[in-house]
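> So that we are looking at the same thing, I have put the structure below in structure tokens.
The values are calculated or read from the model by the stated rules, or taken from the named source; none is laboratory data. Source: prediction; values computed, not measured. All Cβ positions, glycine included, derive from the backbone under ideal geometry; neighbour counts span all protein chains shown. Please note that ligands, DNA and RNA were not included when accessible areas were found on the heavy atoms of the full protein model with its side chains. Shrake-Rupley method; radii C 1.70, N 1.55, O 1.52, S 1.80 Å.
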Amino acid sequence: MQNAEKVQICARTLKNKLPDGFSPSFGLILGTGLGGIADSLQEGLSISYADLPEFPLSGVLSHEGAFAAGYFAGVPLLIQKGRCHLYEGRTPEEVCMGVRVMAACGVKALIATNAAGALDPLFKAGGLMLVADHINMTGQSPLTGGDPGSIFADMSRVYDEAFAALAEAAALRLGLRLEKGVYMGIAGPQLETGAETRFYRMIGADAIGMSTVLEVIAARHLGLRVLAFSILTNKNLPDSAAPVAIEDIVQTAEECGRDLERLLRELMPDLAAGLEGE
Ligand code: HPA
């Protein structure tokens, strides 16, 4: 379970670097390929993870290591540019540090994004998926070892249905195809065998990736509302298994990241209004 003191120290340091009166309502985690959003913030500033005491750094080349703060479509955001992963040998505590720091800085909702392989044979590589639910197949939890009074967190409705409806409406307005499905979170780093892919599909997953589920569990435990999107970087089908190169996944994520950026720009004001109208 998270060292609350470390989170508070990081949050205090981060808050001190934010402009006076800046009060972020949403935390956004940018997965592979989505860095462009952080570059387009108004009044944006960047705070390197290396400047935050004990904040875990990611060694993954496709991930930057910094928070960004600023206005996106007029909405004040804190952005995590890059995350660390279990497959880097990181603990669930380290994987979830960013979410906990953003919550300590006052965000009320989390938007998580990731790159994922499509398990639903009807989904196209290059498409976007709204995460309707998840399966945590990592074998780990960020709540392990925490206060027994609170760790048995309810997970019956993890992904906020009102936010999801706003996302679907925004996609429709833009004429952007948005799949909806169950995200399977695995620890990785190896990609799946054909037998594993068949099994994951059989038990109800529509897309698969190596992030998000632990951060979302931590966010719900903290009471944040959650919305999540997958960029479908490749098709992952057991019976026509084609080798997948990580370089191709990163390239597709970068190309399709632009669609997700458009969607988020359209959607952000509606989400902000939805948060206020609670
Ligand atoms: N499997 C696991 N993780 C992934 C994939 C995949 O096919 N694509 C992107 N991340």
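> Please go through the stretch 234-262 and give me each residue that is open to solvent by 60 Å² or more (accessible area, probe 1.4 Å), of a type outside the set (A, V, I, L, M) and farther than 16 Å from residue 37 by Cα, ordered by number.
Once the filter is applied, which keeps residues that are open to solvent by 60 Å² or more (accessible area, probe 1.4 Å), of a type outside the set (A, V, I, L, M) and farther than 16 Å from residue 37 by Cα, the stretch 234-262 yields 235, 239, 240, 243, 247, 248, 251.
> Okay, moving on. Mind listing whichever residues of the stretch 106-123 are touching a helix residue (DSSP H, G or I) at 6+ places or on another chain (Cβ under 7 Å) and at pLDDT below 95? If you could, list the steps in order and put the result at the bottom.
Here is the first cut: in the stretch 106-123, the ones touching a helix residue (DSSP H, G or I) at 6+ places or on another chain (Cβ under 7 Å) are 108-110, 112-113, 115, 119.
Once the filter is applied, which keeps residues that are touching a helix residue (DSSP H, G or I) at 6+ places or on another chain (Cβ under 7 Å) and at pLDDT below 95, the stretch 106-123 yields only 115.
> When you check residue 188 against the structure, is it within 11 Å of the ligand (Cβ to nearest atom), under 24 Å from residue 85 (Cα atoms) and of a type in the set (Gly, Ala, Ser), yes or no?
Spelling it out, residue 188 is indeed within 11 Å of the ligand (Cβ to nearest atom), under 24 Å from residue 85 (Cα atoms) and of a type in the set (Gly, Ala, Ser).
> Among the residues of the stretch 1-40, write down those that are under 24 Å from residue 143 (Cβ atoms) and β-branched (Val, Ile, Thr).
Correct list: 7, 9, 29.
> How many residues does the stretch 76-90 hold that are over 17 Å from the mean Cα position of the chain (by Cα) and part of a loop (DSSP other than H, G, I, E, B)?
1
> Can you tell me which residues in the stretch 1-60 are surrounded by 14 or more Cβ atoms within 10 Å (Cβ to Cβ), assigned to a helix (DSSP H, G or I) and in contact with a helix residue (DSSP H, G or I) (Cβ under 7 Å, 6 or more places away or on another chain)?
7, 10, 11, 14, 37 - these are the residues of the stretch 1-60 that are surrounded by 14 or more Cβ atoms within 10 Å (Cβ to Cβ), assigned to a helix (DSSP H, G or I) and in contact with a helix residue (DSSP H, G or I) (Cβ under 7 Å, 6 or more places away or on another chain).
> Scan the stretch 199-210 and give yes if some residue there is among the acidic types (Asp, Glu) and without any contact (Cβ under 8 Å) to a residue 12 or more places away in the chain, otherwise no.
For the stretch 199-210, residues among the acidic types (Asp, Glu) and without any contact (Cβ under 8 Å) to a residue 12 or more places away in the chain: absent.
> Oh, and also: Taking the stretch 171-183 on its own, how many of its residues are touching a Lys or Arg at 6+ places or on another chain (Cβ under 9 Å) and of a type in the set (A, V, I, L, M, F, W, C)?
Residues that pass the stated criteria total 3.
Residues checked against (1) within 13 Å of the ligand (Cβ to nearest atom); (2) closer than 29 Å to residue 38 by Cα; (3) open to solvent by less than 20 Å² (accessible area, probe 1.4 Å); (4) of a type in the set (S, T, N, Q):
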residue	(1), (2), (3), (4)
110	no, yes, yes, no
137	yes, no, no, no
160	no, yes, no, no
164	no, yes, yes, no
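> Which one is farthest from residue 102 (Cα to Cα) among residues in the stretch 195-215 that are open to solvent by less than 30 Å² (accessible area, probe 1.4 Å) and more than 11 Å from the ligand (Cβ to nearest atom)?
Filtering first and then ranking leaves 206.
> Could I ask something else about it? Do we find a residue being at pLDDT below 95, buried (at least 18 other Cβ atoms within 10 Å of the Cβ), within 12 Å of the ligand (Cβ to nearest atom) and over 16 Å from the mean Cα position of the chain (by Cα) anywhere in the stretch 216-233?
Within the stretch 216-233 (the criterion being at pLDDT below 95, buried (at least 18 other Cβ atoms within 10 Å of the Cβ), within 12 Å of the ligand (Cβ to nearest atom) and over 16 Å from the mean Cα position of the chain (by Cα)), the answer is no, since none of the residues qualifies.
> Right, another one. Regarding residue 144, is this residue more than 18 Å from the chain's Cα centre (by Cα) and touching a residue at least 40 places away in the same chain (Cβ under 8 Å)?
Here the answer is yes, as residue 144 does meet what is asked.
> Please go through the stretch 142-182 and give me each residue that is hydroxyl-bearing (Ser, Thr, Tyr) and within 30 Å of residue 251 (Cα to Cα), ordered by number.
Hit for the stretch 142-182 is 159, nothing else.
> Quick one: which residue in 126, 106 is more than 22 Å from residue 11 (Cβ to Cβ), open to solvent by 10 Å² or more (accessible area, probe 1.4 Å) and not in a helix (DSSP H, G or I)?
Step by step, each of 126, 106 is checked, and only 126 is more than 22 Å from residue 11 (Cβ to Cβ), open to solvent by 10 Å² or more (accessible area, probe 1.4 Å) and not in a helix (DSSP H, G or I).
> Next question, about the same structure. Being within 16 Å of the ligand (Cβ to nearest atom), over 23 Å from residue 159 (Cα atoms) and in contact (Cβ under 8 Å) with a residue 60 or more places away in the chain narrows it down to one residue among 125, 115; which is it? First the steps, then the outcome.
Working: 115 fails: over 23 Å from residue 159 (Cα atoms).
None of the other options fit; the residue is 125.
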